[in-house]
């Protein structure tokens, strides 16, 4: 009996030690991502909150859920958006409070969640370093920070879109029907948050078709994938609101034409140059060039780059068609929303330069081609660092501004009013640079071994 008790005590003690060791391992492995999240939190909070007409409508619709049980922006008037984002927001507001300054915590949390999912997506498509680098780039991007500090459902939509994409890739890799159906359910959630969720079906479809066998079962599962979304849509639009199933596929954005202006064919390029910057766009271009120069060598990296590129081209192409083909004013003024789902994919594409850099052997630069690829990769990484510094300078400028315009052409674009921090500008700037320093330190620390090797090689 005594020996039995001792055995049990020892087992519990051993189990406790194992659990403690496991916890330490988990925390150690999570430290880099936690560093990125901390940097994002500092940058976001220091930058302040943003508001405009759309945030007012969506904020009121969320309050309407708590007040009337339905997303009315005025009693009896549904907001013309899918409903789920407002129910999610209402749940948070019940816990944290309903003032606007507290309410923007909701998109900020989803914005942070997007970083976690982008990190995991980078791991499954490339490797851990690329996932962390992509999350770090995304964390300091003004576009993402402004969306995350405005009471809009776009951060929620991106979160659930990245989630269904990630789970769908896991399902394809493991050939799991259950995971694939789970991904379909998450797609239904994302689509019932905002219709822009359809965009990330492009990378998932490419991966699904390329990575697995082509047979009737996979075709059947591909069709079944959309059943949860159809059920969710039917229940809301037919049974609950009686607006009709096809109301899910209509929106006021398609009713307003461009008048008094002629969009340039390059309007989207102008927008991207002003919003993500020349350095970052150039880094993405360099990443693609390096991939094409070493197609066979990179293998999986090249495939992942092509998946990201296909999704980017699709998202931007739809925006171009809606403006140049359909002459729609909302698509013209609103790339900040219409193209938001392209941003994490561009971050992955640019961040893959780090994976490519790790794949190169700096001691084997005997021929001109290898030297060219090595130098291009290095230049691409420098461009990313420069773009990140530029991003923080942009965020610095937001602190004292009362309004921010995501300009398309001339005075056309999507604007936000900014709750200015003029009285505490110095503190905000310090916190922003501290957040940036945390992100940069995290990235450098995670790649310290390769940096030591590079420094030794360059000395030689």
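General remarks:
- Only one entry in 93, 63 is touching a helix residue (DSSP H, G or I) at 6+ places or on another chain (Cβ under 8 Å), more than 30 Å from residue 438 (Cβ to Cβ) and not in a strand (DSSP E or B), namely 63.
- Residues in the range 366-386 include at least one that is free of Cβ contacts under 8 Å to residues at least 60 places away in the same chain, outside any helix (DSSP H, G or I) and over 18 Å from residue 144 (Cβ atoms).
- Here is the figure for the range 220-237: residues that are in contact with a helix residue (DSSP H, G or I) (Cβ under 8 Å, 6 or more places away or on another chain), part of a helix (DSSP H, G or I) and over 17 Å from residue 193 (Cα atoms) total 3.
- Scan of the range 397-408 for residues that are under 25 Å from the mean Cα position of the chain (by Cα) and either over 16 Å from residue 55 (Cα atoms) or modelled with pLDDT under 90 (or both), ordered by number: 397, 398, 399, 407, 408
- The criterion of being under 25 Å from the mean Cα position of the chain (by Cα), part of a helix (DSSP H, G or I) and free of Cβ contacts under 8 Å to residues at least 24 places away in the same chain does not hold for residue 197.
- Among the residues of the range 56-79, the ones that are surrounded by fewer than 22 Cβ atoms within 10 Å (Cβ to Cβ) and closer than 20 Å to residue 158 by Cβ come to 2 in all.
- Residue check for residue 253: over 17 Å from residue 384 (Cβ atoms), in contact (Cβ under 8 Å) with a residue 40 or more places away in the chain and touching a helix residue (DSSP H, G or I) at 6+ places or on another chain (Cβ under 8 Å): yes
- Residue within the range 242-264 that is part of a helix (DSSP H, G or I), surrounded by 13 or more Cβ atoms within 10 Å (Cβ to Cβ) and at pLDDT 90 or above present: no
- Lone qualifier among 139, 112, 155 - being in contact (Cβ under 8 Å) with a residue 12 or more places away in the chain and either surrounded by fewer than 24 Cβ atoms within 10 Å (Cβ to Cβ) or in contact with a strand residue (DSSP E or B) (Cβ under 6 Å, 6 or more places away or on another chain) (or both): 112
- Selected residue [in a helix (DSSP H, G or I) and in contact (Cβ under 8 Å) with a residue 60 or more places away in the chain] from 292, 280: 280
Residues are listed down the side, and each one gets a yes or a no for (1) within 21 Å of residue 280 (Cα to Cα); (2) surrounded by fewer than 22 Cβ atoms within 10 Å (Cβ to Cβ):
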{"residue": "302", "(1), (2)": "yes, yes"}
{"residue": "340", "(1), (2)": "yes, no"}
{"residue": "344", "(1), (2)": "yes, no"}
{"residue": "398", "(1), (2)": "yes, no"}
{"residue": "403", "(1), (2)": "no, yes"}
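- Test for residue 325: is it surrounded by fewer than 17 Cβ atoms within 10 Å (Cβ to Cβ), at pLDDT below 95 and more than 20 Å from residue 436 (Cβ to Cβ): yes
- Residue match in the range 108-123 (condition: modelled with pLDDT of 95 or more, more than 30 Å from residue 396 (Cα to Cα) and more than 14 Å from the chain's Cα centre (by Cα)): yes
- The residues of the range 307-331 that are part of a helix (DSSP H, G or I), closer than 20 Å to residue 272 by Cα and in contact (Cβ under 8 Å) with a residue 60 or more places away in the chain, listed by number, are 308, 310, 311, 314, 315, 318, 323, 324, 329, 330, 331.
- Of all residues in the range 67-90, those satisfying the criterion of being closer than 16 Å to residue 151 by Cα and either part of a helix (DSSP H, G or I) or under 23 Å from the mean Cα position of the chain (by Cα) (or both) are 81, 82, 83, 84, 85, 86, 87, 88, 89, 90.
- Residue 280, sole failed condition from (1) surrounded by fewer than 16 Cβ atoms within 10 Å (Cβ to Cβ); (2) out of contact with any strand residue (DSSP E or B) (no Cβ under 9 Å at 6 or more places or on another chain); (3) under 28 Å from residue 331 (Cα atoms): (1)
- Filter result for the condition that a residue is farther than 19 Å from residue 81 by Cα and either surrounded by 21 or more Cβ atoms within 10 Å (Cβ to Cβ) or touching a residue at least 24 places away in the same chain (Cβ under 8 Å) (or both), over 184, 188: 184
The values are calculated or read from the model by the stated rules, or taken from the named source; none is laboratory data. No experiment lies behind these values; they were computed from the predicted model shown. Every residue, glycine as well, gets a Cβ built from its backbone with ideal geometry; the counts of neighbours run over all protein chains shown.
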